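Coordinate-derived values only; no laboratory data. Keep in mind the model is a prediction, meaning the values are calculated, not measured.
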Ligand SMILES: [Zn+2]
């Protein structure tokens, strides 16, 4: 399956779940939009907006990122839900579904003493592992991107020395910001603002932060270059990278828009 086929299939699948707007129940008002970082579904009738997570294995979830013009859905802002949840909401009408959670809660009280398996306590090392994976993924993907970027940078500089230099760095910061936005969403469920201005500032700040983090490794490798120190720093820095990258992404986290 090539990319175009995938997109067509994905759009069809997502649209099937969003035949009715979950918030205003109007049929055929939803518009699917492909984005560089995230895909969205917007209701042209009421202005509600969802972040759509669709991958090769199908439609995973949709997260409400903007409530509707009548203020409906405010309590669901930032909630990641199964496609079926939104579909049911659109079919039943918003009011009907809105009463449902209370009923479910009452039923739960009756059952009682049932351990909440969904909110399982994670072991103490869980976050450290996630920082490590975030940092490692960032390093590896950044390395690949940098290789491609170096070619572009060389060409840009040949074309026009100063302007090329500036454009080259703008592209680099956009790449860093974009990469970290994807990872922050994947690892921590942080939805980052992804317009170019925010990606640029996010990438710039992270570039500076990671550069500072790298100084000890660069210095020691310069004084006593060895494979052992390189590997030790690679591992230690992955934790620090991950931590710094997550904290940075947090500053660019999307605020959910509330309609008045
Ligand atoms: Zn709507």
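Taking 123, 83, 22 in turn, the Gaussian network model of the chain (Cα-Cα springs below 10 Å) assigns the largest fluctuation to 123. Within the listed set 135, 90, 160, the Gaussian network model of the chain (springs between alpha-carbon atoms below 10 Å) gives the highest mean-square fluctuation for 160. Largest GNM mean-square fluctuation among 217, 62, 238, using the chain with Cα springs under 10 Å: 217. Using the Cα gyration tensor of the stretch 126-251, with a ≥ b ≥ c the square roots of its eigenvalues, what is the shape: rounded (a/c below 1.5), prolate (a/b larger than b/c) or oblate (neither)? Oblate, because a/c is 1.5 or more while a/b does not exceed b/c. When the Cα gyration tensor is reduced to axis lengths a ≥ b ≥ c, the ratio a/c is 1.5 or higher for the stretch 1-81, and with a/b above b/c it is classed as prolate.
Once C-alpha pairs closer than 8 Å and six or more residues apart are averaged by separation and normalised to the residue number of the chain, the relative contact order reads 18 percent. Against the chain, whose longest principal axis comes from its Cα atoms, helix 3-17 is set at around 30 degrees. Think of it as helices only: each DSSP H run of n ≥ 4 in the chain is worth -39500 (n - 2.57), and spread over all residues that comes to -21500 deg cm²/dmol at 222 nm.
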